[in-house]
Ligand code: ZN
């Protein structure tokens, strides 16, 4: 494996002076202001660059990369959008479509500064073939992204509007566990520098599985030391359904199913009230905050300032590209920094805080030794170039990439000590061919959906 010496960046997150960094054997071997290059080092000039820890995206749906801007869903809220966008197309997605979608989604994330992606993959039904999931693992391996597969799925038709309106046959619990067992054997690595992890993640806590199945999933995960994830309280419908179906609040229902704890994080939690925040904080449950998607679907704004004050770990996710067409963590950080100020004033957030949400907190949540620029941590980092008129005149150099938002230019990006982005190009990806493959996948998907 090549050994890199990143020479004197203009600004490095966590340091108040220019430092150099040596990457060796997949980790940050040295970091400091007095390092000198050694003979075996490949030297990278970072003199007009800013270095951040690689971003950890804690909620995504790669399958949706071929469902951007579907006209029927442009002006719909979550419930209707689920039915007219993801659930309408999902049964027709082939492993070839899935591979193209995953490759595109991972490409876009790498291009924005992501090095770890936790993808909530939920395309499982009674007749799913293993190739659909394999396509996702393959794409992650091909692009060199640190990858966490949050294994979704529904074991009942449930109260999910999208599921109810589609021809999808839910996956029986026993089949879900058998298939998940195979994935666990083939892909899960629980080491702190793991490149592939499995998380147990029934799609939507209130809607997609009965109580006894959720408890079984919880137990199955705990026995194997796996983390757990799901959607919760993205909109008020979760609360209504929990009251209607179980005569309790959504947060009580989560507790009732044994789905709160340090090993659990939920996407969205937009409608978490004061009681829910306290319960989540007391149990060590975390959030994947996805402000772009929440804005796009008009769901509201998650109360993450109150959540952080209560002691919750805030992490960031870009969510699927059918409701967040950018797939950019840098945009997510920029928006997270801005939007809470609009509600709570200029001291509500600062840039250092949102960078931590997008890196260290996500890594801690997933139990990975990444997300921090420190000796002994994984060599996952992103080097933004400031050598452009776009950044001329910016006084706060360290903050510039988040402050100015997209488009940003990545000079270099590393995952596990391996170069994955060079001068804005994702290594191993032919952009023209990727574009072609994705367009063909979209056309084929549309034709299949229309003819069904
Ligand atoms: Zn989601």
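The values are calculated or read from the model by the stated rules, or taken from the named source; none is laboratory data. Only a predicted model underlies this, so the values are computations on that prediction, with no experimental measurement involved. Glycine also receives a Cβ, built like all others from the backbone with ideal geometry; neighbour counts cover every protein chain displayed.
The table for this structure:
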item	result
Sole residue being more than 18 Å from residue 52 (Cα to Cα), touching a residue at least 24 places away in the same chain (Cβ under 8 Å) and not assigned by TED's automatic domain parsing to the domain that holds residue 88, chosen from 441, 387	441
Filtered residues of region 227-264 (kept if crowded, with 24+ Cβ neighbours inside 10 Å, touching a helix residue (DSSP H, G or I) at 6+ places or on another chain (Cβ under 7 Å) and within 20 Å of residue 320 (Cα to Cα))	228, 232, 233, 234, 238
Sole residue being in the same structural domain as residue 133 (by TED's automatic domain parsing) and in contact with a helix residue (DSSP H, G or I) (Cβ under 8 Å, 6 or more places away or on another chain), chosen from 181, 153	153
Count of residues meeting criterion [surrounded by fewer than 21 Cβ atoms within 10 Å (Cβ to Cβ) and part of a strand (DSSP E or B)] in region 349-387	1
Residue satisfying condition, being within 16 Å of the ligand (Cβ to nearest atom) and within 28 Å of residue 306 (Cα to Cα), within set 201, 254, 276	201
Any hit, region 189-209, residues being in a helix (DSSP H, G or I), surrounded by fewer than 24 Cβ atoms within 10 Å (Cβ to Cβ) and touching a residue at least 24 places away in the same chain (Cβ under 8 Å)	no
Residue check for residue 123: in the same structural domain as residue 203 (by TED's automatic domain parsing), assigned to a loop (DSSP other than H, G, I, E, B) and within 17 Å of the chain's Cα centre (by Cα)	yes
One residue from 270, 318 being assigned to a loop (DSSP other than H, G, I, E, B), at pLDDT 95 or above, within 13 Å of the ligand (Cβ to nearest atom) and closer than 26 Å to residue 213 by Cβ	270
Total residues in region 290-302, condition under 19 Å from residue 362 (Cβ atoms) and either more than 12 Å from the ligand (Cβ to nearest atom) or assigned to a helix (DSSP H, G or I) (or both)	5
Residue check, residue 312 more than 15 Å from the ligand (Cβ to nearest atom), in contact (Cβ under 8 Å) with a residue 24 or more places away in the chain and outside any loop (DSSP other than H, G, I, E, B)	no
Answer from 105, 79 - the residue that is within 15 Å of the ligand (Cβ to nearest atom), assigned to a helix (DSSP H, G or I) and crowded, with 24+ Cβ neighbours inside 10 Å	105
Long-range neighbours under 6 Å by Cβ, at least six apart or interchain, first residue assigned by TED's automatic domain parsing to the domain that holds residue 78 within region 290-303, second away from the ligand (no atom under 14 Å from the Cβ) and not in a loop (DSSP other than H, G, I, E, B)	291/335; 291/336; 291/339; 292/335
